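Just below is one structure, and these are the notes that go with it.
The values are calculated or read from the model by the stated rules, or taken from the named source; none is laboratory data. All values derive from a computational prediction rather than experimental measurement. A quick note on method: Cβ atoms are made from the backbone with ideal geometry, for glycine too, and the neighbour counts reach across all protein chains shown. These accessible areas exclude ligands, DNA and RNA; they are computed on the full protein's heavy atoms, side chains included. Shrake-Rupley method; radii C 1.70, N 1.55, O 1.52, S 1.80 Å.
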Amino acid sequence: MKKGKLIILLGLIILIGVILFLVFNKNTAKVFKSGNTKNSQEIVEYILNISSYDVNITVEVNSNKNNNKYILKQKYVSPNISTQEVIEPTNIAGIKITNDGINLKLENSNLNLSTVFENYNYLGDNCLDLISFIENYKQNPESTFIEEENQVIMKTKSGNENRYTKNKTLYIDKKTCKPTKLEIKDNNEKTTVYILYNEVEINSTKKEEVVAFEMKRNIVNI
């Protein structure tokens with residue numbers, strides 16, 4: 001009888017051990033699957049091949065005379081669809097610029113005003129856009145990156161002649177593969193623009209979310 005109880009007890013111990021083993025390995029597999037396993041080169045390639053993003057950013061613009069701070073909402077869909085809206089400061093909140101790849105729309109929701117520029121050829125470099133950094137990085141053969149403990153740092157130089165936005169550095173969280181901040185410096189390495197990424201969604205924005213409007217009011221030909 002005692003021998004039978006011992007066998008049953010031993011069987012229960014083995015069964016519990018098997019269950020714990022299976023549960024532990026199942027949870028470990030989930031953590032491994034959900035965690036980021038990309039190396040630094042893969043993270044850089046991921047950033048360079050972004051097809052869309054939806055971000056909320058805090059921007060500090062520094063000049064010789066003053067410093068200005070803004071909170072902006074930006075959306076982008078490859079290859080050239082974008083929108084940028086001012087959230088703060090309140091005196092210019094609601095100003096929004098939308099480019100559908102052909103036309104550009106400028107609007108102020110607080111004043112219920114909008115103007116459409118048809119066949120708009122954008123010749124400038126909007127250094128506040130993440131896609132601007134990405135394009136600079138791709139085009140500049142001297143672009144490089146370094147790895148630190150918790151982040152990957154991508155560095156490049158702007159190809160335009162604006163000396164105030166010459167040097168650009170993007171910081172990426174290694175765990176999330178998302179940008180955390182962007183520093184833009186002049187040719188003397190003085191910070192002129194500092195961008196903090198408050199919220200970032202990558203490769204989930206659709207074209208319809210960016211250009212959900214009709215170009216029909218106050219049309220201006222360029």
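Give 153, 81 a once-over and let me know the one that is surrounded by 14 or more Cβ atoms within 10 Å (Cβ to Cβ), in contact (Cβ under 8 Å) with a residue 60 or more places away in the chain and under 21 Å from the mean Cα position of the chain (by Cα). The conditions single out 81.
When 115, 156 are checked against the criterion of being of a type in the set (Val, Ile, Thr), on the phi < 0 side of the Ramachandran plot and modelled with pLDDT of 95 or more, a single residue qualifies: 156. Annotation: of all residues in the range 196-218 being touching a Lys or Arg at 6+ places or on another chain (Cβ under 6 Å) and either among the basic types (Lys, Arg) or open to solvent by less than 50 Å² (accessible area, probe 1.4 Å) (or both), the one that is modelled with the lowest pLDDT is 210. Within the range 144-161, can one find any residue that is under 30 Å from residue 92 (Cα atoms), of a type in the set (Asp, Glu), out of contact with any Asp or Glu (no Cβ under 6 Å at 6 or more places or on another chain) and assigned to a loop (DSSP other than H, G, I, E, B)? Scanning the range 144-161 turns up at least one residue that is under 30 Å from residue 92 (Cα atoms), of a type in the set (Asp, Glu), out of contact with any Asp or Glu (no Cβ under 6 Å at 6 or more places or on another chain) and assigned to a loop (DSSP other than H, G, I, E, B). When 192, 180 are checked against the criterion of being surrounded by 13 or more Cβ atoms within 10 Å (Cβ to Cβ), polar (S, T, N, Q) and either under 12 Å from residue 57 (Cβ atoms) or without any contact (Cβ under 8 Å) to a residue 12 or more places away in the chain (or both), a single residue qualifies: 180. Residue by residue through the range 54-98, note down the ones that are within 25 Å of residue 163 (Cα to Cα), at pLDDT 95 or above and of a type in the set (Ser, Thr, Tyr). Answer for the range 54-98, where residues must be within 25 Å of residue 163 (Cα to Cα), at pLDDT 95 or above and of a type in the set (Ser, Thr, Tyr): 58, 70.
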